[in-house]
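The values are calculated or read from the model by the stated rules, or taken from the named source; none is laboratory data. This structure is a prediction, so every number in the text was calculated from the model and none was measured. Here Cβ is always computed from backbone atoms with ideal geometry, including for glycine, and neighbour counts include all displayed protein chains. For the accessible areas, the whole protein counts, side chains as well, though only heavy atoms, and no ligand, DNA or RNA atoms are used. Shrake-Rupley method; radii C 1.70, N 1.55, O 1.52, S 1.80 Å.
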Amino acid sequence: MGCEWQLKMSDEEDETVVIDRYDRIQSLYLTTGDFSALQQMNTVFPMQTRTLIEDVLRIGKVNEPEINKTFLHFYQDTVLQTLIAETQQQYASMDDINEQLTRAFRYLRKHIPNMDMPEIYAQIGSLDQSVIVGNNTIGICLDKYLGTDYTLYKKPEYGYSEEQLQMMNRQYIVPDCIGFYLLSLYPMPLDKELTQQERDIHIGKIQWVVDKAMGEDVFATKYTRMADRYMKRNKNVTVDQLLRNNEYSEFY
């Protein structure tokens, strides 16, 4: 991830998370066709570029002969050009998000000591995904966090519900990053079929940890309250043990 990733492992209090601004290089190429920006995408950010093209946009493979032209042409759509401009305006600075991520991951590192620190970067998708997790990285799709009242989101062809719109705000970037990352580390068990309630409890445990990491009740649900009661009854249980506990009947 390179130049904008800073992590001082010698002193936990000095750990600093800084989001890699892949979106800026991406924006430069997609709005001007700048060849040097394309080179930087492919040499400095090869994993991010592959993930974007193959997994987010699904427009082909990065090693296909004409993929760069396909990629550039894909984003010439008026809507996507508007999204690029809006993300660069709203997210000219992400200092507040860096600070929230730093505080949140300090909490997680303290309570889940063996947790690997992910590399975090920003990108511009096509309204398909919010957060992409894989290969110990977190990719934030800024186009999904332009605000509940963003005009484009209101168009009926996109079909966003009011509940979805409420979460398409800057304030949900960090909770989403933490939540999806934790879910990748503590997935739902595959060795048994879960009821809907058991699935909700699993997500509730993760959201409870997100709330603790954020220092506020971002997700105040029936299932986060279940997790809270469980932790109060079992004061010696660690966060790692909570998230690994798939005996869901213990949470009722």
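A few comments on the model shown:
- Shape category assigned to the range 51-139 from the gyration tensor of Cα positions, a/c cut at 1.5: oblate
- For the range 90-181: accessible area per residue (Å², 1.4 Å): 43
- When the C-alpha to C-alpha distance is required to be over 22 Å, the pairs from Lys69/Lys154; Lys192/Lys235; Lys144/Lys192; Lys205/Lys232; Lys155/Lys222; Lys192/Lys232 that qualify are Lys69/Lys154; Lys192/Lys235; Lys144/Lys192; Lys155/Lys222; Lys192/Lys232.
- Accessible surface, 1.4 Å probe, highest first, among residues Met115, Met214: Met214, Met115
- The chain, dipole about Cα centre (Lys/Arg Cβ +1, Asp/Glu Cβ -1), debye to the nearest 20: 540
- Part-to-part distance (alpha-carbon centres) for the range 40-94 and the range 170-204, which is given in Å: 28
- Shape class for the range 125-176: prolate, because the ratio a/c of the largest to smallest gyration tensor axis (alpha-carbon atoms, square roots of eigenvalues) is 1.5 or more and a/b beats b/c.
- Rolling a 1.4 Å probe over the protein heavy atoms of the chain, with every protein chain left in place, gives an accessible area that is 47 percent carbon and sulfur.
- Hull volume per residue, based on the alpha-carbon atoms of the chain and their convex hull, is 149 Å³.
- Looking at the range 68-177, the DSSP beta bridges with both ends there are about 45 percent antiparallel.
- With the simple spin-label model, which puts each label point 7 Å out from Cα in the Cβ direction, the Phe180 to Met117 separation comes to 2.1 nm.
- With a simple spin-label model that places each label point 7 Å from the Cα along the Cα-to-Cβ direction, the separation between Arg225 and Asp149 comes to 3.1 nm.
- Full extension of the chain between Gln90 and Thr16 yields a length gain of 24.4 nm, computed as 0.36 nm times the residue separation minus the alpha carbon distance.
- With all protein chains in place and ligands, DNA and RNA left out, the 1.4 Å accessible area ranks Thr43, Thr195, Thr137 as Thr43, Thr195, Thr137, largest first.
- Each residue was assigned an accessible area with a 1.4 Å probe, and for Glu250 the value is about 90 Å².
- C-alpha long axis of helix 196-214 to longest principal axis of the chain, angle in °: 80
- Rounded accessible area of His111 (nearest 10 Å², 1.4 Å probe): 70
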